[in-house]
Amino acid sequence: MAGLRLANPTMLASGILGYSAETLETIVDGGAGAVITKSVGLKPRNGYANPTIVQTSCGLINAMGLPNPGIDEFVKEIREAKNTLDVPLIVSVYGFSAEEYATVTKKAVNAGADAIELNVSCPHVKETGSEIGQNPKILAKVVEKVKASVDKPVFVKLSPNVTSIAEIAEAAVKAGADALTAINTVRAMAIDAEAAMPVLSNKVGGLSGPAVKPIALRCVYEIYEKVKVPIIGCGGITNWRDAVEFLLAGASAVQIGTAVAVKGANVFKAISRGIDAYLEKKAFKSVEEIVGLSHRSYPA
Ligand code: RRO
């Protein structure tokens with residue numbers, strides 16, 4: 001997919017256990033076909049004060065605030081992960097300008113990243129993330145600059161918090177994106193009735209988990225109708241049936257995040273075995289055969 005070989009179509013979504021080579025190894029042992037790190041930028045960031053995460057009845061809301069050690073420290077983890085993991089290693093990158101995205105990307109690739117996922121969709125950090133990914137012109141500049149700086153596949157992770165995700169997807173592809181990840185979290189909040197206060201210190205955060213699955217599925221479906229590059233579905237995938245729905249909508253692979261926190265690392269094995277059993281039961285020979293298969297009209 002987009003120049004990478006995956007043993008199965010499941011990947012670890014960025015932001016979940018992706019801080020170190022050691023935790024990434026646990027995920028690969030759990031059956032992931034590829035892993036994506038937590039987003040890393042040029043300089044270290046502490047992130048927001050606690051509380052940074054809250055569980056709701058239908059998923060998690062987080063406002064971590066991009067905590068990360070900075071790329072110069074993180075290259076040590078990339079090098080170690082590259083030495084120990086036998087699946088593609090994708091580094092998630094953010095920046096406050098096109099130049100910063102490109103600089104961090106070059107350092108990540110020099111340290112061994114097999115591909116880059118541009119985070120242009122964090123829903124709650126100012127001057128990066130979705131402030132870039134919601135504007136097709138700014139987004140195109142970032143993607144062009146990054147593509148010109150390295151010779152590895154570049155994925156672009158899109159925000160659902162836009163009027164037309166398909167238009168944004170098209171801008172990313174025209175600028176050179178090799179694949180698109182859809183979606184990042186949905187802007188949301190939780191309020192504590194006893195304290196009469198928002199729960200998160202940042203007030204607003206990003207919702208993930210089962211509540212966002214139908215939104216993510218719709219986004220993948222719309223993007224598939226607009227562009228030709230591979231799509232990686234992400235949002236509330238908890239079991240094999242969710243994953244198959246994303247493949248049918250047009251995704252070539254899926255990312256799993258919140259379900260890892262809830263069910264543990266073996267969720268990858270369970271999902272890829274379930275996909276295999278579905279393909280066999282329906283007499284399909286490969287995952288490719290069902291990618292986008294739901295784009296059909298009802299018989300008249
Ligand atoms: O770190 C975060 O708060 C965060 C990021 Br970078 C992101 O892309 N999506 C999200 O829900 N949280």
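The values are calculated or read from the model by the stated rules, or taken from the named source; none is laboratory data. Everything numeric in this text was worked out from a predicted model, so none of it was measured. Neighbour counts are summed over all protein chains in view; Cβ atoms, including those assigned to glycine, are modelled from backbone coordinates with ideal geometry.
Identify, from the list VAL204, VAL220, the residue that is buried (at least 18 other Cβ atoms within 10 Å of the Cβ) and either out of contact with any Cys (no Cβ under 7 Å at 6 or more places or on another chain) or within 18 Å of VAL254 (Cα to Cα) (or both).
Working: VAL204 fails: buried (at least 18 other Cβ atoms within 10 Å of the Cβ).
Being buried (at least 18 other Cβ atoms within 10 Å of the Cβ) and either out of contact with any Cys (no Cβ under 7 Å at 6 or more places or on another chain) or within 18 Å of VAL254 (Cα to Cα) (or both) holds for just one of VAL204, VAL220, which is VAL220.
Checking LYS126 against (1) within 15 Å of the ligand (Cβ to nearest atom); (2) touching a helix residue (DSSP H, G or I) at 6+ places or on another chain (Cβ under 9 Å), which single condition isn't satisfied?
(2)
Which condition number in (1) more than 16 Å from the ligand (Cβ to nearest atom); (2) within 20 Å of the chain's Cα centre (by Cα) is the one that LEU66 fails?
Every listed condition holds for LEU66 apart from (1).
Name the single residue that is surrounded by the fewest Cβ atoms within 10 Å (Cβ to Cβ) among those in segment 69-90 being of a type in the set (A, V, I, L, M) and within 16 Å of the ligand (Cβ to nearest atom).
So the first thing to find is which residues in segment 69-90 are of a type in the set (A, V, I, L, M), and the list is 71, 75, 78, 81, 85, 87, 89-90.
Remaining after also requiring within 16 Å of the ligand (Cβ to nearest atom): 71, 90.
Details: ILE71: 24, ILE90: 28.
So the residue we want is ILE71.
Restricting to segment 31-56, name every residue that is assigned to a loop (DSSP other than H, G, I, E, B) and away from the ligand (no atom under 16 Å from the Cβ). I'd like the intermediate steps shown before the answer.
Just the residues of segment 31-56 that are assigned to a loop (DSSP other than H, G, I, E, B), to begin with: 31-33, 37-39, 41-44, 46-52.
GLY31, ALA32, GLY33 - these are the residues of segment 31-56 that are assigned to a loop (DSSP other than H, G, I, E, B) and away from the ligand (no atom under 16 Å from the Cβ).
Looking only at segment 31-58, filter to residues that are among the small types (Gly, Ala, Ser) and modelled with pLDDT of 95 or more; which one of those is farthest from LYS269 (Cα to Cα)?
Out of the qualifying residues, it is ALA49.
Mind checking which residues of segment 8-30 are at pLDDT 95 or above and assigned to a loop (DSSP other than H, G, I, E, B)?
Within segment 8-30, ASN8, PRO9, ALA13, SER14, GLY30 meet the criteria.
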